[in-house]
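Reading through the structure tokens given below for one structure.
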Amino acid sequence: MFSEGSPSRQSRADATIPAHAGAGLKPEHIAEILADRADIGFFEVHAENYMGAGGPPHRQLEAIRQDYPLSLHGVGLSIGGEQALDKAHLQRLAGLNRRYEPGLFSEHLAWSTHDTAYFNDLLPVPYDEAALERVCDHIDEVQETVGRRMLLENPSTYVAFEQSTMSELDFLKEITRRTGCGLLLDINNVHVSCTNHQRSAEDYLADFPLNAVGEIHLGGHAPDTDDAGRPLLIDAHDREVDDAVWKLYESVVRNNGPLPTLIEWDNDVPAWPVLFAEVRAAERILVQAAEPGLRRAV
Amino acid sequence: MAAPKSLSSVAGLTDVTVRTGSGEFGRALLDPEAAPPAGLVGPDGKAAPKRFNVYRNNVIVSLSEALGQTFPAIVSLVGDDYFNALARAFVTRHPPQSPVLMWYGGAFAGFLESFPPLAAYPYLADVARVEWAWLQAYHAADAAPLDPAALSAVAPEDVPAVRFTRHPAAAVVASKWPVLDLVRANRFATDAAAGIDLDEPQAVLVTRPDLEVGVFLLRPGGEVFLSALLEGSTLEGAAASALEKTSEFSLPDCLSDCLSSGAFTAIEGY
């Protein structure tokens with residue numbers, strides 16, 4: 001797996017992601033994080049930002065990895081795409097897994113590439129049998145190539161496909177059953193999608209296969225309206241976590257117990273203390289959920 | 001989600017549910033004039049163009065922002081509003097070919113050069129070439145630069161025939177325009193833009209000996225000399241090419257600049 005005797009790797013923090021709160025790592029925060037020795041459960045990075053050969057990004061990430069567990073989150077593999085996975089990209093993901101030994105590795109139920117064009121967005125997948133088979137084949141290939149179990153993140157969507165024949169939850173459950181992959185439960189995505197498609201987020205979460213969940217994501221969204229003036233929430237990751245999302249999160253961890261929880265803030269990135277305050281807010285909820293007596297018997 | 005009723009259940013026809021392929025979806029993302037793909041609906045089962053436009057907007061805006069982060073001097077030179085329009089034109093014609101966005105924008109300089117509305121600003125393309133070289137140097141493989149004293153280990157009679165191994169981050173950009181002054185003034189804001197003489201040609205070496213990317217001004221003939229060395233010429237051959245270009249070329253000065261700035265990692269065979 002890794003070159004034995006490498007001093008940098010021997011002194012690394014344990015790889016396992018604890019059931020604590022973490023933050024999406026932003027280059028502009030790294031100096032402050034390292035200087036303050038921030039008390040935080042873990043960091044998560046977008047894999048594609050570390051696919052260069054060398055330079056400051058890898059030095060910084062290795063410095064973070066020395067002190068903290070790391071979660072590796074891919075955003076560009078196009079698992080939901082109609083075409084075969086990009087083998088070179090898959091090898092790069094496998095290489096990052098070997099190099100940084102992340103405690104968790106995740107990707108999205110979405111597509112982003114058609115032919116050779118990469119769209120840099122998480123585009124929606126129709127929920128029908130053909131798409132289910134493709135997604136499962138792709139996840140099998142990922143798990144075989146990378147040599148580990150991956151987590152698949154539930155999407156935020158703005159449109160539904162007329163051709164869909166099953167619900168998103170049935171689609172996700174069938175994927176976990178066929179491939180053995182875990183799930184990354186993005187509760188902001190649940191709130192965004194359920195609002196956008198006029199469903200109940202509480203009902204969605206009540207039926208979510210929580211036993212497959214290895215990590216939770218929380219992030220901010222932007223309000224808008226659709227063609228008919230109905231609320232349309234945009235998964236913007238550009239602000240604090242919404243109160244409605246905090247409430248859903250509290251109920252999930254109260255019922256399920258603590259899970260590794262990431263705060264995502266990718267656009268209009270604030271100063272580190274602002275992001276860290278969100279991490280601490282999630283941590284307080286996790287601590288309460290971990291206290292015996294407060295957790296509802298399952 | 002309630003599945004929208006297909007016509008078949010009403011009219012007894014075979015299934016006529018519209019299937020939405022990603023080819024059609026992708027084409028519509030990059031063409032603002034195109035109708036949204038058929039088969040995409042809102043919660044009422046009806047077409048919802050504004051909803052599709054969220055994806056369109058995400059694609060164009062996020063890729064334009066990625067370009068703006070790679071080419072901040074171009075943003076500064078043309079202004080935010082013009083850059084957004086320019087980026088939109090580039091993104092729709094040249095979408096990324098890889099999910100690794102640090103590799104997106106290699107075609108931007110050529111696009112600027114051939115974009116008719118910018119014909120009066122011919123220096124923009126070379127500024128973009130320096131910024132592209134900067135990004136590639138930033139992400140290039142790490143390598144220790146050649147110790148400038150290493151050449152003294154070569155026997156004097158062998159010096160003319162030495163070849164150097166290129167540093168993975170090293171690139172030369174030669175321009176008819178003062179690219180270094182333009183990049184400095186618009187990217188690093190260390191110099192005032194006021195004093196820039198647009199008639200002054202400049203050539204630069206971009207490299208990263210350690211963690212910091214450096215942009216070094218090359219002396220007259222230096223661009224020919226260093227380009228030849230980076231392509232594998234002998235020292236003697238590179239110097240001859242440079243002298244052919246300009247009699248102002250100084251071998252000792254240019255060689256010393258190249259060695260001290262981290263253009264090479266080794267002397268081949270040593």
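The values are calculated or read from the model by the stated rules, or taken from the named source; none is laboratory data. Bear in mind that the values here come from a model prediction, so they are computed numbers and not experimental data. Cβ coordinates were reconstructed from backbone atoms using ideal geometry, including for glycine residues, and neighbour counts include every protein chain displayed.
Values for this structure:
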| read-out | value |
| --- | --- |
| Hey, A:Asn196 at pLDDT 95 or above and in contact with a Phe, Trp or Tyr (Cβ under 7 Å, 6 or more places away or on another chain) or not | yes |
| Unique residue being under 16 Å from A:Asp242 (Cβ atoms) and surrounded by fewer than 21 Cβ atoms within 10 Å (Cβ to Cβ) when the list is A:Ala222, A:Ala206, A:Ala228 | A:Ala222 |
| Test: residue in region A:94-109 that is modelled with pLDDT of 95 or more, buried (at least 19 other Cβ atoms within 10 Å of the Cβ), within 7 Å of another protein chain (Cβ to nearest Cβ) and under 27 Å from B:Arg208 (Cα atoms) | no |
| Answer residue from region B:181-234, given it is of a type in the set (Ser, Thr, Tyr) and assigned to a loop (DSSP other than H, G, I, E, B) and is farthest from the chain's Cα centre (by Cα) among those | B:Thr234 |
| Criterion violated by B:Pro160 - all others in (1) in contact (Cβ under 8 Å) with a residue 12 or more places away in the chain; (2) under 19 Å from the mean Cα position of the chain (by Cα); (3) surrounded by fewer than 15 Cβ atoms within 10 Å (Cβ to Cβ); (4) part of a helix (DSSP H, G or I) satisfied | (2) |
| Only listed residue being under 21 Å from A:Trp272 (Cβ atoms) and surrounded by fewer than 17 Cβ atoms within 10 Å (Cβ to Cβ), chosen from A:Glu44, A:Glu62 | A:Glu62 |
| Among residues of region A:249-274, those that are under 17 Å from the mean Cα position of the chain (by Cα) and either under 11 Å from A:Leu218 (Cβ atoms) or surrounded by 18 or more Cβ atoms within 10 Å (Cβ to Cβ) (or both), counted | 11 |
| Helices (runs of 4 or more DSSP H) wholly inside region A:131-245 containing at least 1 residues that are more than 10 Å from chain B (Cβ to nearest Cβ), within 15 Å of B:Gly42 (Cα to Cα) and without any contact (Cβ under 8 Å) to a residue 60 or more places away in the chain | A:187-196 |
| Residue within region B:184-198 that is crowded, with 18+ Cβ neighbours inside 10 Å, more than 27 Å from B:Glu113 (Cβ to Cβ) and not polar (S, T, N, Q) present | no |
| Flag for A:Ala281 being over 17 Å from the mean Cα position of the chain (by Cα), of a type outside the set (D, E, K, R), modelled with pLDDT of 95 or more and in a helix (DSSP H, G or I) | yes |
| Filter pass, A:Val159 being crowded, with 24+ Cβ neighbours inside 10 Å and touching a helix residue (DSSP H, G or I) at 6+ places or on another chain (Cβ under 8 Å) | yes |
| Any hit, region B:108-116, residues being farther than 23 Å from B:Val215 by Cβ, more than 14 Å from chain A (Cβ to nearest Cβ) and not in a helix (DSSP H, G or I) | yes |
| Considering residues of region B:122-157 that are within 14 Å of chain A (Cβ to nearest Cβ) and more than 16 Å from B:Gly106 (Cβ to Cβ) only, the residue surrounded by the fewest Cβ atoms within 10 Å (Cβ to Cβ) | B:Ala144 |
| Single condition B:Asp80 does not satisfy, out of (1) without any contact (Cβ under 8 Å) to a residue 12 or more places away in the chain; (2) under 19 Å from B:Gly23 (Cα atoms) | (2) |
| Qualifying residues in region A:46-93 (those that are of a type in the set (Gly, Ala, Ser) and closer than 24 Å to A:Asp186 by Cβ) - the one nearest to the other protein chains (Cβ to nearest Cβ) | A:Gly76 |
| Hey, B:Val172 over 22 Å from B:Ile267 (Cα atoms), surrounded by 19 or more Cβ atoms within 10 Å (Cβ to Cβ) and in contact with a helix residue (DSSP H, G or I) (Cβ under 8 Å, 6 or more places away or on another chain) or not | no |
